[in-house]
Structures are given as C-alpha cells and as structure tokens.
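The values are calculated or read from the model by the stated rules, or taken from the named source; none is laboratory data. This structure is a prediction, so every number in the text was calculated from the model and none was measured. We place every Cβ from the backbone using ideal geometry, glycine too, and count neighbours over all the protein chains shown. Note: accessible area is taken over every heavy atom of the protein model, side chains too, but ligands, DNA and RNA are not part of it. Shrake-Rupley method; radii C 1.70, N 1.55, O 1.52, S 1.80 Å.
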Number of protein chains: 2
Amino acid sequence: MPSRTPSAPRAGRPRSAAADAAILEATRAALVELGWSKLTLGDVASRAGVAKTTLYRRWAGKNELVVDAVAVLFDELELPDRGSLAADIEGVVLQFAALLDRPEAKTALMAVVAESTRDEPLRERIRTSIVERQKRLVLEGRSRAQARGELPLEQDPAAAARTADLIFDVVAGAVVHRTLVSAEPVDEEWATRFTRLLIGGLAGD
Amino acid sequence: MPSRTPSAPRAGRPRSAAADAAILEATRAALVELGWSKLTLGDVASRAGVAKTTLYRRWAGKNELVVDAVAVLFDELELPDRGSLAADIEGVVLQFAALLDRPEAKTALMAVVAESTRDEPLRERIRTSIVERQKRLVLEGRSRAQARGELPLEQDPAAAARTADLIFDVVAGAVVHRTLVSAEPVDEEWATRFTRLLIGGLAGD
DNA sequence: CAGTTACGCTACGACTCGTATCGAAATCCG
DNA sequence: CGGATTTCGATACGAGTCGTAGCGTAACTG
C-alpha cells in the first residue's frame, strides 16, 4: 500500500483508489508479459491509464511497486481442515505451488528478494507484507495436529516459535526451490513424497 | 564460459584468457557494490580494464555474464566425511550457508533465477552450470549413509533418483529461504535443528 | 468562496543500452 | 618474412529509460 495512512482525512483532492487498483493490476500484467528486468514504470503508467508522475508520487521505485502488486496474491492461501496432518500439509503445498505457477508471482517474488539482499527497508517490507502473514498457515496446521493428538504440545513458547519458523522455511523453501530452481512440477505425487519425508524423516517409513 | 569451444584452433588473434578472468572478477565486485539492478555492463568493462565491445563479443547480456561469474563459487562445496549422516548434513548445510553469506552469491543467484522464469535457455544454463553439479553432494552423502547402515539400500534406481532430487530441493530450498527470505542466520543451532527434522521428521524424536 | 492536494500532460538532462566503425595488435599459415 | 584472419581498445551513435520539474486543471475541505 502507499505509505500514507488514510485514517487522517486531510484537505485537498484525495488520491484515487481506482488509480491504485489500476496501477497494481497493470503491474501484474506487465510482469507477465515483460518479466522483471524489462518492466518499465512508464509502461505500467500507460497501461493503467495514469500519468507517470502519479506513479512516482506513490511509490519510491520499481521494487516497492512490485512488492505491493504481488503481496495481495499471497493472501489467497488458506488451510482447509482435511482431517489429518499429512493431508493438511499436502493441501498447503499444492496451494502454494499453484500460486507460484502464476508467472507474475514467481517472477516478482524472486526479483524483489534478489533486490532485497542489498536493500534492508525493502526486505522488511517483504517480510511484513508477504512472509510473516503466511506463517499463520503453519501455526494453524500445528494447532490442529495437536488437537488431533498427532503432534505433542510444546511447553516452551520460544522453542515452539523457532520450530514453526523452521517448518515454514522448509516447506516454503522446498516448494520454491522445486518450482523455480529445479524447474520441475509440484504435483500431487511430489507433494505426497514431500509430506511423507517431512513427517517421517529420512529414517522413517 | 563464452560459447566458443577453444578446441578448434583457428587463425587470428586468440581471445585473451586474462580478459575473461578480469571480467568475471569485475562482475563479482560490481555485484557486491551495486547489486543486480544497478549493475551496468559499461561499468564492468571499465573495472576490468576492457572495452565494452569486448564484453558484448563474449556474452549475450547481463544474465549470461552473471551466471558465469557466480557458477565457479559453487564448485567450492565439498562433503568431508564426518562419520554420521547427521554430521554430514550439518556440514553441507553450514557450507552452503557460508556460500550464501557472500553478497555476490546471494544477489546474483536470486536475480538470475528470477530472470530465468521468463527465459528458458537461461534456466537451462543455470541448471547445468550450477544446480545439477551440486546434486553430487546428496548422492555422496546418501551412499555413505547406506554404507554405514544408516539408510536402506534402494532397489529401484528411478525411485532413488527422485528421492535424491526431493532431498536436494528440501535442503537447498530451506537454507536459501532461511537466509534470503526470512533473513535469519543459518548457524550451528539452526543446522542442528534442521538436521534433526530432516532425519527424524515431525513425528520423530 | 478560498485553500489545499492530486491529477494529466509535457518536457527535460542524465544515463544506459547494444551496435557500428576504425586502426592497431596478436596469432596462424605459406 | 608477409599476408590473412581475428580480437583488441577506443569512440561515436540513435534509441530508450530514468526520475524530476513545471503547468494548468480537477476534486475535496472548511
């Protein structure tokens, strides 16, 4: 979102919410067609039917714009209760994989992560608007599994948080790596094998 | 490497190998200072003491150049025998993490992966010159563990290959995600926790 | 109404891109 | 040695993008 909080009603002409939506939509479309490196802000502006100046008034640059344009896609993820820990993991893996199949998502996500390695504020923006919000899925899945008796209750809340972070990195990292680096499909068969590995480990089974 | 195979000794002045080395070194240095998006080929050329024309004669563009500049870094990875499967995994995780701590490695790797989502030849170049070469670590670790009796011998070679790919995606993906997305350190404590999860699974322990 | 802010539009200098051209340097072959 | 061949450094070029500035108009507040 643009930086200004809309909670302070100030004088003057308000910013057009429709322009915001059109710009973010145009950004996603341009990402699909052009990819990251060839995406220009001038092109986005003309696609959105908006002056280039308007774009620069609201976003500092390409990075910030793309983060906002893609962040909303990740809010679609859900974790319906499928009755078992394994089924829940498979479900979220397949959902995440479907999201990463969308060209605008995979292109934008990797590009902004790459830029964030040299840009601390950008990394923080990514963390708060994308990554941190999805850890809810891990927490929800674990609490369900504990309620079913599939996982033990953890006493130390700090240790529990570290474990949740670990699992999040393993699940998200594996799916991203499989999709973008290995460039192999995350289908049901892979999800099943991954889930079995995650639950039972190398030694298990 | 530049596309021409040096095995065909042809007439004329040969390409300077020193220029190659200087360009790749300059590329890594520029990546550290400028990051991906602000890296320009003209800047690389002047750092390397080389004409911009020379650069374009050998590489098609920024993507290909950066892949070559970074690929060599990944060949440093080794897998010394630490006596147990768990110790071997911890060792390779920490080595990979140390590699990703180098700014030129993390910046370049993510950037070229992002570009490769819209560029099939580039993805293939990444696969052959970086990814596929490192799967040797997984294969070696598994064969050692099997020799120690820590892992069962697999009969079906196709299934064994799929398992190796899965483990590779899980290990590499988790380390990359932890380092670049979560932006948390991969230290010994995390490596230990990850290894225990990988071997024993969620249910284990 | 006056005051304030966002808007579309145009224009600008600075920079980068990738290519073309040129004469000089380095190597192979006869 | 001398001619052919290829790369080299240097320079210049049109095209495209960047981010900003200026201007008159539109929308909203009090």
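Filter region B:180-195 down to the residues that are at pLDDT 95 or above, in a helix (DSSP H, G or I) and either closer than 22 Å to residue B:139 by Cβ or open to solvent by less than 30 Å² (accessible area, probe 1.4 Å) (or both) and list them by number.
If the condition is that a residue be at pLDDT 95 or above, in a helix (DSSP H, G or I) and either closer than 22 Å to residue B:139 by Cβ or open to solvent by less than 30 Å² (accessible area, probe 1.4 Å) (or both), then B:190, B:191, B:194, B:195 are the ones that fit.
Residues being in a loop (DSSP other than H, G, I, E, B) and either buried (at least 19 other Cβ atoms within 10 Å of the Cβ) or within 13 Å of DNA strand D (Cβ to nearest atom) (or both): count how many of those fall in region B:31-84.
Selection size over region B:31-84: 10.
Among the residues of region A:132-144, is any out of contact with any strand residue (DSSP E or B) (no Cβ under 7 Å at 6 or more places or on another chain), hydrophobic (A, V, I, L, M, F, W, C) and within 8 Å of chain B (Cβ to nearest Cβ)?
No: zero hits.
In region B:8-30, what residues are open to solvent by 70 Å² or more (accessible area, probe 1.4 Å) and either away from DNA strand C (no atom under 13 Å from the Cβ) or free of Cβ contacts under 8 Å to residues at least 12 places away in the same chain (or both)?
Matches in region B:8-30: B:9, B:10, B:11, B:13, B:14, B:17, B:18, B:25.
Give the number of residues within region A:124-170 that are of a type in the set (Asp, Glu) and more than 20 Å from the chain's Cα centre (by Cα).
The number of residues fulfilling the criteria is 3.
In the set A:111, A:87, A:105, which member is part of a helix (DSSP H, G or I), buried (at least 19 other Cβ atoms within 10 Å of the Cβ) and free of Cβ contacts under 8 Å to residues at least 40 places away in the same chain?
Testing whether each residue is part of a helix (DSSP H, G or I), buried (at least 19 other Cβ atoms within 10 Å of the Cβ) and free of Cβ contacts under 8 Å to residues at least 40 places away in the same chain leaves just A:105.
From (1) within 28 Å of residue B:131 (Cβ to Cβ); (2) modelled with pLDDT of 95 or more; (3) touching a Lys or Arg at 6+ places or on another chain (Cβ under 6 Å), pick out the condition that doesn't hold for residue B:56.
(3)
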